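Structure first, commentary second.
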Amino acid sequence: MRVIGVFLLAGLAMAQAPSYEPIASTQQLMQGMIDPASKAIAESAKDPGPADNRAWRTAMLNGIMLQESAQLIKMGSRAKDQDAWMKACQALADAGAAVQKAATAKDVAAYQAAAGGINATCQGCHSVYRQRGGGKKQDPPKQ
């Protein structure tokens, strides 16, 4: 009987969970969250690295923003496909997590290495998906 009660409560909790409705487009998330966070990380990773506790905290929060935005661009109509797009989003989240971890540890070398990986992550995705007018780039015709 207890088992049924637990499942009933779990079902009620899931039924009442709020739904998420996207507001921003992928481009707006790029302009408003991803670009500013990645640029701030790149700037603060220059020698000698973040200068004080406040700068380290800002670096850590920017890493979190990359992780969170990676989750947002996976949702709903923002997801271009369920294969390469999801892998690229995960790569962005992983890059953000590396930044967060290094900044939390105040490890300059690890932070600079993590910051250096963000650009490659962005370029990997943009080489496939960034196209004027939206949509996925088409493979060149085979000859």
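The values are calculated or read from the model by the stated rules, or taken from the named source; none is laboratory data. In this text the structure is predicted, and so the values were computed from the model without any measurement. Heads up, the Cβs are rebuilt from the backbone with ideal geometry, glycines too, and the neighbour counts pull from every protein chain shown. In case anyone asks, the SASA skips ligands and DNA or RNA and just uses the protein heavy atoms, side chains included. Shrake-Rupley method; radii C 1.70, N 1.55, O 1.52, S 1.80 Å.
Restricting the search to region 68-78, which residues are over 18 Å from Gln123 (Cβ atoms) and either open to solvent by 80 Å² or more (accessible area, probe 1.4 Å) or of a type in the set (A, V, I, L, M) (or both)? Step through it out loud before you land on a result.
Let us first name the residues in region 68-78 that are over 18 Å from Gln123 (Cβ atoms), namely 68, 71-72, 74-78.
Scanning region 68-78 gives Glu68, Leu72, Met75, Ser77.
A quick yes/no check of all residues on (1) open to solvent by less than 70 Å² (accessible area, probe 1.4 Å); (2) touching a Phe, Trp or Tyr at 6+ places or on another chain (Cβ under 8 Å):
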position	(1), (2)
Asp47	no, no
Arg57	no, no
Leu66	yes, no
Lys80	no, yes
Ala95	yes, no
Ala98	yes, no
Ala103	yes, yes
Ile118	yes, no
Cys122	yes, no
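Give region 46-77 a look and list any residue that's in a loop (DSSP other than H, G, I, E, B) and touching a Lys or Arg at 6+ places or on another chain (Cβ under 8 Å), or say none.
Step one: list which residues in region 46-77 are in a loop (DSSP other than H, G, I, E, B), which gives 46-52, 73-75.
Within region 46-77, just Pro50 meets the criteria.
State which residue is farthest from Asp94 (Cα to Cα) when the search covers only region 16-62 and only residues that are of a type in the set (Asp, Glu) and under 19 Å from the mean Cα position of the chain (by Cα). If you could, list the steps in order and put the result at the bottom.
As a first pass, look at region 16-62 and keep what is of a type in the set (Asp, Glu): 21, 35, 43, 47, 52.
Add one more test, that the residue is under 19 Å from the mean Cα position of the chain (by Cα), and what stays is 21, 35, 43.
Numbers: Glu21: 25, Asp35: 16, Glu43: 19 Å.
Looking at residues that are of a type in the set (Asp, Glu) and under 19 Å from the mean Cα position of the chain (by Cα), I get Glu21.
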